[in-house]
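A short write-up of the structure that comes next.
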Amino acid sequence: MWIKVVVIILILAILFSLFRGLFFLTKGGEENSKKLLKSLAWRLGLSALLFITILLLHYFEVINLRQSVLPVDQTQQQSTIDSPNDEQQQPR
């Protein structure tokens, strides 16, 4: 449960930074240009943090990306395990 909360907080922080940058982009001016650059840096940093967090959670098997993104048919996988290759059946 805490994983979902952390990911949602990071996504909301990224969106906040995005719209903050949009606000400074529309206002213009030199001071707002610096704030826009700072907002962009925060957004990039938060996005990298979110990406690394998801990769680490997958690495430590807290989440399983392969099962949720690409479901595998268990019956097909079991049938390939049960039947050995033809090369192994024929003695030479």
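The values are calculated or read from the model by the stated rules, or taken from the named source; none is laboratory data. Computed from a prediction, not measured in an experiment: that's the story for all the values here. All Cβ positions, glycine included, derive from the backbone under ideal geometry; neighbour counts span all protein chains shown.
Numbers for the structure displayed
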read-out	value
Given (1) under 30 Å from TRP2 (Cβ atoms); (2) of a type in the set (Ser, Thr, Tyr); (3) modelled with pLDDT of 90 or more, number of the condition THR26 does not satisfy	(1)
The stretch 51-63 residues that are β-branched (Val, Ile, Thr), paired with ones that are assigned to a helix (DSSP H, G or I) (beta carbon under 6 Å, 6 or more apart)	ILE63/LEU57
